[in-house]
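> Dropping the structure in here first, questions after.
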2 protein chains.
Amino acid sequence: MQRPLLIQIHAQDNVAIVVNDGGLPKGTYIEEHQITLVDDIPQGHKVTLSHLKLDDPIIRYGEIIGYANEDLPQGRWVNEAVTRMPTPPNLNELEMATRPAPKLESLTGYTFQGYKNADGSVGTKNLLAITTSVNCVEGIVDYVVKIIEREVLPKYPNVDGVVGLNHLYGCGVAIDAPAAVVPIRTIHNLALNPNFGGEVMVVSLGCEKLQPERLLNEVDANSKRIPVADADIVRLQDERHLGFQDMIDHILAVAEIHLQKLNQRQRETVSAEHLVVGMQCGGSDAFSGVTSNPAVGFAADLIVRCGGTVMFSEVTEVRDGIHLLTPRAADEQVAKDLIREMQWYDDYLAAGRVDRSANTTPGNKKGGLNNIVEKAMGSIAKSGTSAIVEVLSPGQKPSKKGLIFAATPSSDFICGTQQMASGITVQVFTTGRGTPYGLAAVPVIKMASRNNIANRWSDLIDISAGDIAIGKKSIEQVGWELFELILAVASGEKQTWSDKWGIHNSLAVFNPAPVT
Amino acid sequence: MQRPLLIQIHAQDNVAIVVNDGGLPKGTYIEEHQITLVDDIPQGHKVTLSHLKLDDPIIRYGEIIGYANEDLPQGRWVNEAVTRMPTPPNLNELEMATRPAPKLESLTGYTFQGYKNADGSVGTKNLLAITTSVNCVEGIVDYVVKIIEREVLPKYPNVDGVVGLNHLYGCGVAIDAPAAVVPIRTIHNLALNPNFGGEVMVVSLGCEKLQPERLLNEVDANSKRIPVADADIVRLQDERHLGFQDMIDHILAVAEIHLQKLNQRQRETVSAEHLVVGMQCGGSDAFSGVTSNPAVGFAADLIVRCGGTVMFSEVTEVRDGIHLLTPRAADEQVAKDLIREMQWYDDYLAAGRVDRSANTTPGNKKGGLNNIVEKAMGSIAKSGTSAIVEVLSPGQKPSKKGLIFAATPSSDFICGTQQMASGITVQVFTTGRGTPYGLAAVPVIKMASRNNIANRWSDLIDISAGDIAIGKKSIEQVGWELFELILAVASGEKQTWSDKWGIHNSLAVFNPAPVT
């Protein structure tokens, strides 16, 4: 058996987590820390390194993640029952742009094989996307997609696939509600993801609320009107359509025009500055913040050093660490924008009579994460150390390169969709408990926080950060491995497991406004 | 050319709608009403039958659908610009159960060929449903469904198909928010739709918020705990799974056990009292309330007379006609329940800073429906004339037979999902503008309000009520035709167009609570 091992992250921490598979039994002596466990402690769960008195702060990552609900002798299991959650950082008392990282040392010479777009972006896949203005057309679009896959794509060997951008928005929604800007912007920007090569076609019903004109219209300074010819919009209700077969034929004809253009594209060597990588975590455990997320953060720094773009997200999972982020803002406006997004989400949750504590899951807790504060500390590690240069509201497109906070819900499938709208071309997804999550249009690299899950799910997990926990590899080593993997996946040289199996989640457009 | 034709619905109406395809030009004389049009009037749009002065009520269906915004001489086009919307009926001043219809004359001898279930319900299809607790498993479930369709179903000829009950709920949601009861109840009850034969299996991730135990647990008096053996729950994160292939094999093995049981079922002749038919409209126009919806109402009465169940829904489309419904409640409690659901939705919309006027679509307006009041008058015609015996909150199961108001959003795809959870086994969907909408698990009969769309979409629309507009058929005739078609579809003797093409919308579970 492996020797008893704890991980203490920060010198100030008064708790550490159990590394060993299967946990450690009561009575175990841990030499390194000179303590004896007085409880059975599951893997990933916390143990007190010293005696904590009632109301003493519980410190992990050098931050207060809770308060002791009772007297906790050394060696005790610190679970949810004995922990009280702190209040979240006050949004009116945050340091703003006080400690942005100095510009990190540039990294040059790193490249990938990507598809260049007219707007300067670079795709990692060459896909035909069929934008939809309303869910009503979903059955028709799915039908066409199957025909294209089976009968049409063989004619266009340079095209990697076809994706129907189906969603549950477009009608039966309060389209003039203040919050409707979010789903409309998201659907607009999804059509522009760099992996679709700038070839936009739309299938519309005709009577829906989200008329194609509205969907394509300018949203904001970063999302101008999409210049789509009327011939690229198929409205099923148009008089010209004599039934189902006619609709299918029409959509196929429009699709072929775009497939011909897409087929002329070829991968070219481009600088890594054209990477736009989304970072996400899901099914997290106590290792996520120790192994995978710090490795992701290191890779994020590498991408930023190459001049590329990294997006991190998940508002409820940064809310409790916001005091660590606003100082890292590149300037005061960025810090204010961070606060704006936190406030928006606070209000949104309050309207539904919940707060950020609604975030943690049974799996998080089983994995040792007692509450959202502890989860957030691990989550924000994905952002690395560079200055935050821009903040995006949900589904917005960036105007800058570098480290960007793209505000999204933490829901895996919604975050993925929103990051896609913001233009990611690769996603890195860290997981402690494991998930088969994938996106149809953007390759998702799944990184495990523990070797246990990486080994068991060897045909679903692309890379493991588990060796960090057992001291076999450093965060830097795994960060470099991940960076190299990102370049290989972006180049189409390496296929992710979810792409290999073709297992993908539906788009889940964030709609904070009412449905009607 | 067809002679100029207007339809005036009620003797008190001071507007009528233009029947003719292409509308009627200015100067047209309409003999029947002795008026000359002073505007070009599009098909389905309203014309003044007499001179209306500023602020005069505009009356259609014998109800005030708006007020004149300006002086309107006889023969004028009554469009949105010249109409002001009335305030909605005050929920505190409604008549309750003052005029419930006397029990309609019984109809006996009508039967269909259905699949009997142990709980007394009867299915119209014999499907294997794979319930999912969270969207994370979607890719895996889709993968398994394809294998079952291709390789497994041929062994089970009595099984009509397999349906993955994927949805966007289950994690990343505020599961303890007050409104979370709606999506949880919906997913619970979807698993029990009579078309799934009582064979429930669940695919879960493991760490999600909506744990299978919670999903299966008792929801309310009408939705007891679903007695599912642990062997019927596949948790992907379970230690037993060594990766992707292993998960697939496990799900397939569980599926086969249920397929074997389902394969033993055969259609049997059952009384029409076992019908549970959902009525819905979408892409409505001014004809919907004149032709298709009244015919649906007539068929609804026939089903109720057989002892069967009819559900009508779409809160924002009954809100402005609620004063016509509460008097029809079978007793005061039912009337109070109706008011409760209206109030809930008023509050829900207000929280998003909109009101019921958010409902109408560009297509509705093009089709002649100026506002939600006029739309509602046409929409509630689907309920026929019988007493309302029960009111269901979104996704609830009924405890009674007869005419039931199942509260749902009006969004086609959400309404369909919610009605499925409430147990419909056939849906009738009326449309003026046309939609390819369909459900994978419940046959959807699409009825056109106009012959124009029925003829153009002859391979998508199952039945037309258009002959009513031109006086070729009566509402009763088309109502009977629809009733007979419902029985044939319920029996599997007649296939709906959406089932023939296999075009189906995703499930869209109503989640009024925040996502996290």
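The values are calculated or read from the model by the stated rules, or taken from the named source; none is laboratory data. Not measured: the values here are computed from a predicted model. Using ideal geometry, Cβ is built from the backbone for each residue, glycine included, and neighbour counts are taken over all protein chains shown. Note: accessible area is taken over every heavy atom of the protein model, side chains too, but ligands, DNA and RNA are not part of it. Shrake-Rupley method; radii C 1.70, N 1.55, O 1.52, S 1.80 Å.
> Answer with yes or no whether A:GLU80 is without any contact (Cβ under 8 Å) to a residue 12 or more places away in the chain and open to solvent by 50 Å² or more (accessible area, probe 1.4 Å).
Numbers: without any contact (Cβ under 8 Å) to a residue 12 or more places away in the chain: no; open to solvent by 50 Å² or more (accessible area, probe 1.4 Å): yes.
No.
> Among the listed residues A:ALA469, A:ALA465, A:ALA454, identify the single one that is open to solvent by less than 20 Å² (accessible area, probe 1.4 Å), more than 30 Å from B:GLU314 (Cα to Cα) and at pLDDT below 95. Please lay out each step first, then the result.
On the way: A:ALA465 fails: at pLDDT below 95; A:ALA454 fails: at pLDDT below 95.
A:ALA469 is the lone residue from the list that is open to solvent by less than 20 Å² (accessible area, probe 1.4 Å), more than 30 Å from B:GLU314 (Cα to Cα) and at pLDDT below 95.
> Give segment A:350-360 a look and list any residue that's free of Cβ contacts under 8 Å to residues at least 24 places away in the same chain and under 20 Å from the mean Cα position of the chain (by Cα), or say none.
A:THR360, the sole residue that qualifies.
> Please verify whether B:VAL373 is surrounded by 19 or more Cβ atoms within 10 Å (Cβ to Cβ), facing chain A (nearest Cβ under 9 Å) and over 27 Å from B:GLU273 (Cβ atoms), treating the condition exactly as stated.
Details: surrounded by 19 or more Cβ atoms within 10 Å (Cβ to Cβ): yes; facing chain A (nearest Cβ under 9 Å): no; over 27 Å from B:GLU273 (Cβ atoms): yes.
Against the criterion (surrounded by 19 or more Cβ atoms within 10 Å (Cβ to Cβ), facing chain A (nearest Cβ under 9 Å) and over 27 Å from B:GLU273 (Cβ atoms)), B:VAL373 does not qualify.
> Also, quick follow-up: Determine, yes or no, whether B:ASP337 is modelled with pLDDT under 95 and acidic (Asp, Glu).
For B:ASP337, the condition - modelled with pLDDT under 95 and acidic (Asp, Glu) - is not met.
> Residues A:LEU236, A:LEU259, A:LEU242, A:LEU252: which one is of a type outside the set (Lys, Arg), more than 30 Å from A:GLN43 (Cβ to Cβ) and within 32 Å of the chain's Cα centre (by Cα)? Full working, then the answer.
Numbers: A:LEU236 fails: within 32 Å of the chain's Cα centre (by Cα); A:LEU242 fails: within 32 Å of the chain's Cα centre (by Cα); A:LEU252 fails: within 32 Å of the chain's Cα centre (by Cα).
Of the residues listed, the single one that is of a type outside the set (Lys, Arg), more than 30 Å from A:GLN43 (Cβ to Cβ) and within 32 Å of the chain's Cα centre (by Cα) is A:LEU259.
> Another question about this same structure. Could you tell me which residue of segment A:493-516 is nearest to the other protein chains (Cβ to nearest Cβ), considering only residues that are polar (S, T, N, Q) and open to solvent by 30 Å² or more (accessible area, probe 1.4 Å)?
Kept after step one, since they are polar (S, T, N, Q), are these residues of segment A:493-516: A:495-496, A:498, A:505-506, A:511, A:516.
Keeping just the survivors that are open to solvent by 30 Å² or more (accessible area, probe 1.4 Å) gives A:495, A:506, A:511.
On the way: A:GLN495: 14, A:SER506: 6, A:ASN511: 9 Å.
Top of the filtered list is A:SER506.
> Just give me the residues in segment B:206-233 being part of a helix (DSSP H, G or I) and open to solvent by 20 Å² or more (accessible area, probe 1.4 Å), in sequence order. Don't jump to the end; show me each part of the working.
Step one: list which residues in segment B:206-233 are part of a helix (DSSP H, G or I), which gives B:212-216, B:230-232.
Passing the criteria: B:GLU213, B:ARG214, B:ASP230, B:ALA231, B:ASP232.
> From the set of residues in segment A:265-287 that are under 27 Å from A:ASN79 (Cα atoms) and in contact with a Leu (Cβ under 8 Å, 6 or more places away or on another chain), which is surrounded by the most Cβ atoms within 10 Å (Cβ to Cβ)?
A:ASP285
> Let me ask something additional. Give the residues of segment A:85-99 that are exposed (fewer than 11 other Cβ atoms within 10 Å of the Cβ), at pLDDT 95 or above and under 20 Å from A:ILE59 (Cα atoms), sorted by residue number.
From segment A:85-99, those exposed (fewer than 11 other Cβ atoms within 10 Å of the Cβ) are A:87, A:90, A:92-93; that's our starting set.
Keeping just the survivors that are at pLDDT 95 or above gives A:90, A:92-93.
Passing the criteria: only A:ASN90.
> While we're on this one: Within segment A:17-43, which residues are within 14 Å of A:GLY471 (Cβ to Cβ), under 34 Å from the mean Cα position of the chain (by Cα) and free of Cβ contacts under 8 Å to residues at least 40 places away in the same chain?
Result: A:ASN20, single match.
> Would you confirm whether or not segment B:293-301 contains a residue that is within 22 Å of B:GLY120 (Cβ to Cβ), over 17 Å from the mean Cα position of the chain (by Cα), crowded, with 24+ Cβ neighbours inside 10 Å and at pLDDT 95 or above? Before the answer, list the steps.
Of the residues in segment B:293-301, the ones within 22 Å of B:GLY120 (Cβ to Cβ) are B:300.
Narrowing further to those that are over 17 Å from the mean Cα position of the chain (by Cα): none.
No, the conditions are met nowhere in segment B:293-301.
> Restricting attention to segment A:234-264, which residues are assigned to a strand (DSSP E or B) and open to solvent by less than 10 Å² (accessible area, probe 1.4 Å)?
Taking segment A:234-264 and keeping what is assigned to a strand (DSSP E or B), we get A:234-235.
Passing the criteria: only A:VAL234.
> Taking the options A:LYS336, A:LYS397, A:LYS366, name whichever one is open to solvent by 20 Å² or more (accessible area, probe 1.4 Å), in contact (Cβ under 8 Å) with a residue 12 or more places away in the chain and facing another protein chain (nearest Cβ under 10 Å).
On the way: A:LYS336 fails: facing another protein chain (nearest Cβ under 10 Å); A:LYS397 fails: facing another protein chain (nearest Cβ under 10 Å).
Of the residues listed, the single one that is open to solvent by 20 Å² or more (accessible area, probe 1.4 Å), in contact (Cβ under 8 Å) with a residue 12 or more places away in the chain and facing another protein chain (nearest Cβ under 10 Å) is A:LYS366.
> May I pose another question? Could you tell me whether segment A:420-431 includes any residue that is assigned to a helix (DSSP H, G or I), more than 22 Å from B:THR516 (Cα to Cα) and small (Gly, Ala, Ser)?
If we filter segment A:420-431 for residues that are assigned to a helix (DSSP H, G or I), which is where we start, we get A:420-421.
Now drop any that are not more than 22 Å from B:THR516 (Cα to Cα), which leaves none.
Scanning segment A:420-431, I find no residue that is assigned to a helix (DSSP H, G or I), more than 22 Å from B:THR516 (Cα to Cα) and small (Gly, Ala, Ser), so the answer is no.
> Please pick out the residue among B:ILE58, B:ILE35, B:ILE30, B:ILE41 that is within 21 Å of B:MET377 (Cα to Cα) and either buried (at least 18 other Cβ atoms within 10 Å of the Cβ) or of a type in the set (Ser, Thr, Tyr) (or both). So that I can check it myself, show each step before the final result.
Details: B:ILE35 fails: within 21 Å of B:MET377 (Cα to Cα); B:ILE30 fails: within 21 Å of B:MET377 (Cα to Cα); B:ILE41 fails: within 21 Å of B:MET377 (Cα to Cα).
Step by step, each of B:ILE58, B:ILE35, B:ILE30, B:ILE41 is checked, and only B:ILE58 is within 21 Å of B:MET377 (Cα to Cα) and either buried (at least 18 other Cβ atoms within 10 Å of the Cβ) or of a type in the set (Ser, Thr, Tyr) (or both).
> So which residues in segment A:63-77 are out of contact with any helix residue (DSSP H, G or I) (no Cβ under 6 Å at 6 or more places or on another chain), under 22 Å from A:ALA381 (Cβ atoms) and open to solvent by less than 20 Å² (accessible area, probe 1.4 Å), if there are any at all?
A:GLY66
> Output the residue which, of all residues in segment B:380-394 that are under 23 Å from B:ALA180 (Cβ atoms) and more than 14 Å from chain A (Cβ to nearest Cβ), is surrounded by the most Cβ atoms within 10 Å (Cβ to Cβ). Full working, then the answer.
At the first step, the residues of segment B:380-394 found to be under 23 Å from B:ALA180 (Cβ atoms) are B:391-394.
Of the ones still in play, those that are also more than 14 Å from chain A (Cβ to nearest Cβ) are B:391-393.
On the way: B:VAL391: 22, B:LEU392: 26, B:SER393: 18.
Result: B:LEU392.
> Output the residues belonging to segment A:199-219 that are at the interface with another protein chain (Cβ under 10 Å from one of its Cβ atoms) and either hydroxyl-bearing (Ser, Thr, Tyr) or in contact with a Phe, Trp or Tyr (Cβ under 7 Å, 6 or more places away or on another chain) (or both).
The one that is at the interface with another protein chain (Cβ under 10 Å from one of its Cβ atoms) and either hydroxyl-bearing (Ser, Thr, Tyr) or in contact with a Phe, Trp or Tyr (Cβ under 7 Å, 6 or more places away or on another chain) (or both): A:LEU210.
> In addition: Which of (1) open to solvent by 10 Å² or more (accessible area, probe 1.4 Å); (2) in contact with a helix residue (DSSP H, G or I) (Cβ under 8 Å, 6 or more places away or on another chain); (3) polar (S, T, N, Q) does B:GLN343 not meet, given it meets every other one?
The one condition B:GLN343 does not meet is (2).
> Now for a different question. Given the criteria of a type in the set (A, V, I, L, M), more than 28 Å from B:VAL391 (Cα to Cα) and within 14 Å of chain A (Cβ to nearest Cβ), does B:ILE248 qualify? Reasoning before the result, please.
Working: of a type in the set (A, V, I, L, M): yes; more than 28 Å from B:VAL391 (Cα to Cα): yes; within 14 Å of chain A (Cβ to nearest Cβ): yes.
Here the answer is yes, as B:ILE248 does meet what is asked.
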